[in-house]
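What follows draws every value from the coordinates through simple rules; no lab data is involved. Since we're looking at a predicted model, the values are computed, not measured.
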Amino acid sequence: MLSGFRKEITTFYRYGTTAMKGNDIDYFEYGKRINLEIGIHIQFKMEGVGFPLQSVLVGMEINEYLIIKIPGQYTNIKHKLVPGVDIVVRYLYQGTVYGFQTKLIEIISTPVKLLFLEYPKIIEHYDLRSQKRADSLFPATVKMKDKINHGAIIDVSKNGCRCHILNSRQETLPPVQIDDEIVLKCKFPGVQGDREVFGKIKNIKRSRKELIIGVEFLGLEVEIHDLISQYIYAVEDFF
């Protein structure tokens, strides 16, 4: 299957052959359709290793093999990296989690350390639906009408979140109604600085001590939408 692949990969690193460049091959048109692009970050679990590993896809030969970088924990797991070992791969692509089973074909050490995996025969997918939520604890400033309160986002989905506000002497709970507009200012994982998110209140749970409101996002920026999808994926246990 991989006859001559050492020569091919060496040629790629020396001369930049188009056989290994993601920009030069439309992987959706040739061979088996696969939603996997060069440079995409993947997570995989390997037989005999009790924790997930992180890597990046750097090349492929359609219907034959995938090439990924050596994971950062290489020194701890190199004794497990033997040809034929079972591997389960997961990755996020445009809001959908894809997964497949594969096996390690071979490792090369020069010019760089790379893993060659069998090309997947079956790919499963898991849609991060709008109702899929992940627990969170993001400090947030909440502005409703002319009143500002400090609280926290306690869970989040691609389309909305729940926000928790405590009653205190310094900040009394604001009066709220369904469909009131709201502005949340918070720091999302992976984004520098605070970002404003606009929304509309869709659910209210209130007591003397606290207020929990369900918020539907309005006009969410693409960057934040993608980061929320990645966050949900990261906290889910797909293994």
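Taking amide H as placed 1.01 Å from N in the peptide plane, residue 140 has its amide H under 5 Å from the amide H of 151, 152, 153, each at least 5 places away in sequence or on another chain. For the pair segment 163-182 / segment 198-221, the C-alpha centres are spaced 9 Å from each other.
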